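The values are calculated or read from the model by the stated rules, or taken from the named source; none is laboratory data. Only a predicted model underlies this, so the values are computations on that prediction, with no experimental measurement involved. Counting neighbours? That spans all protein chains shown, and the Cβs are built from the backbone with ideal geometry, glycine included. Calculation scope for accessible area: heavy atoms of the full protein, side chains included, ligands and nucleic acids excluded. Shrake-Rupley method; radii C 1.70, N 1.55, O 1.52, S 1.80 Å.
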Amino acid sequence: MPVAASAIYFLNLRGDVLINRLYRDDVGGNMVDAFRMHIMQTKELGTCPVRQIGGCSFIYMRISNVYIVIVVSSNANVACAFKFVVEAVALFKSYFGGAFDEDAIRNNFVLIYELLDEIMDFGYPQNLSPEILKLYITQEGVRSPFSSKPADKPVPNATLQVTGAVGWRREGLVYKKNEVFLDIVESVNLLMSSKGSVLRCDVTGKILMKCFLSGMPDLKLGLNDKIGLEKESQLKSRPAKSGKTIELDDVTFHQCVNLTRFNSEKTVSFVPPDGEFELMKYRITEGVNLPFRVLPTIKELGRTRMEVNVKVKSVFGAKMFALGVVVKVPVPKQTAKTSFQVTSGRAKYNASIDCLVWKIRKFPGQTESTMSAEVELISTMTEKKSWTRPPIQMEFQVPMFTASGLRVRFLKVWEKSGYNTVEWVRYITKAGSYEIRC
């Protein structure tokens, strides 16, 4: 259920009402007095942002020197209420030149009342997009003298933008060169035991796009996901092509994606926003291709010496390479001196994080590198406590490689004028929480 707000209040730090709007008649106009007495005067503002007094709930947030309070009399969606407040503040800032405080509210009473009538109807949130609202609420707010951002010019053809299904893209865009840039960015999360067995492994990914396309194009994206390929083979009445397929979990899309078409055809069809945006996010839990294998050996030789040997193997293609590889090997706090031997890169002891830090600028695929270190420890008179070994951590970036195996099969662009487009696709895999116990 959405917010179903009964009223919204804007208060200053003293509890004075700057502006308010009643959306329903199920609460009285004096509800703000209950908030002021039971919450503000008792100094419990910082304890919990949701308080229930009598039969009403107060959902509030402080922005600068203003409290925004939403009053609901039913079991509302609190997360949606906070999202509404954040989006509403961003909208006000776009009108006020980037400022939102008590002075900005006092200088823009009429504009705020007009916006409050548009962004919420009978307590239910409506369109909060500044780009759309500025098409038909063209009044400019009193801008802050500290804002250097120029005022946005209103765009014509407001009726189509407000009533049409494509509220994230305006008409009339023209580019000399029509291009689409698509980036698949993945983060690998790994926890491996000291014996080399995988304890936890998953991939979180996102598809980022940057579109410079004229007109109102319709894009269709094909991936090598299992469900999409099976659905395509059913529609075309032919067996699916051989090759690796993956199963996507926890998929979320940008609002531009046609979900009805995705549910029926399992294809990602959309009219893209202009510029840069995040098309979708996903997660992979099976069939993860680990880019690196780490084989550590740590020996404690008495109370004052340690030997550390770490071998790192790259298991991606020989024509690929990783950039910015960093291996952090934890050592005890009483480390006094270290000496290293490395086959590539550089290694040093970082006392601030109690780690041996091994950096390799460029790591080719299907190769291995080793680091050997001798660590001397400070001898103490107290009884030595057993050292709990934290896991080894890795950082890296591997261009043109995806740990999930996700691939773009096609990216089609259709527009009624029939212009030619240039599509660019890049892949990159980064280390998320990549840890190996030692």
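Couple of notes before you dig in:
- The slack between ASP218 and VAL315, meaning 0.36 nm per residue of separation minus the straight C-alpha distance, is 31.1 nm.
- Extended-chain gain in nm, criterion 0.36 nm per residue less alpha-carbon gap, ASN12 and ASP103: 31.8 nm
- Selection from THR42, VAL66, TYR23, by position along the positive dipole direction of segment 1-132 (Cβ): THR42
- Accessible area expressed per residue, the chain, with surrounding protein chains retained (probe 1.4 Å, Å²): 53
- Residues of segment 309-332 falling in the label zone of LYS359, defined by backbone nitrogen less than 12 Å from a point 7 Å along Cα to beta-carbon, are 324-327.
- Straight Cα distances below 17 angstrom link LYS281 to the aspartates and glutamates ASP183, GLU186, ASP202, ASP225, GLU247, ASP249, ASP250, with same-chain residues fewer than 8 positions distant left out.
- Dividing the summed -39500 (n - 2.57) terms of all DSSP H runs of n ≥ 4 by the residue count of the chain sets its mean residue ellipticity at 222 nm at -4500 deg cm²/dmol.
- Neighbours of SER352 by Cβ distance under 15 Å: Lys/Arg scored +1, Asp/Glu scored -1, total +2.
- THR260/LEU323 FRET efficiency (R0 25 Å; Cβ-Cβ; nearest 0.05): 0.05
- Counted charge near SER57, where neighbours are those whose Cβ lies closer than 13 Å (Asp, Glu -1; Lys, Arg +1): 0
- Taking a Cβ cut-off of under 12 Å around MET192, the surrounding Lys, Arg, Asp and Glu residues balance to a net charge of +3, with basic ones at +1 and acidic ones at -1.
- For the chain, the relative contact order is 15 percent, taking Cα pairs closer than 8 Å that sit 6 or more residues apart in sequence and dividing their mean separation by the residue count.
- Calculated FRET efficiency for the pair VAL425/ARG21, C-beta based, R₀ 60 Å, to 0.05: 0.80
- With Cα atoms, 0 to 90° folded angle of helix 109-119 axis to the chain main axis: 70
- Computed FRET value (nearest 0.05) for SER64 with LYS337, which takes r as the C-beta separation and R₀ as 51 Å: 0.45
- Degrees between helix 226-236 axis and first principal axis of the chain (Cα, 0 to 90, nearest 10): 70
- Contact order normalised by residue count of segment 7-134, Cα under 8 Å, 6+ apart, percent: 24
- D by Stokes-Einstein for the chain, Kirkwood Rh over Cα pairs, 4 °C, 1.567 mPa s: 48 µm²/s.
- Extension gain from THR42 to VAL408, taking 0.36 nm per residue of separation minus the Cα-Cα distance: 126.0 nm
- The angle separating the long axis of helix 78-96 from the principal Cα axis of greatest extent in the chain is about 70 degrees.
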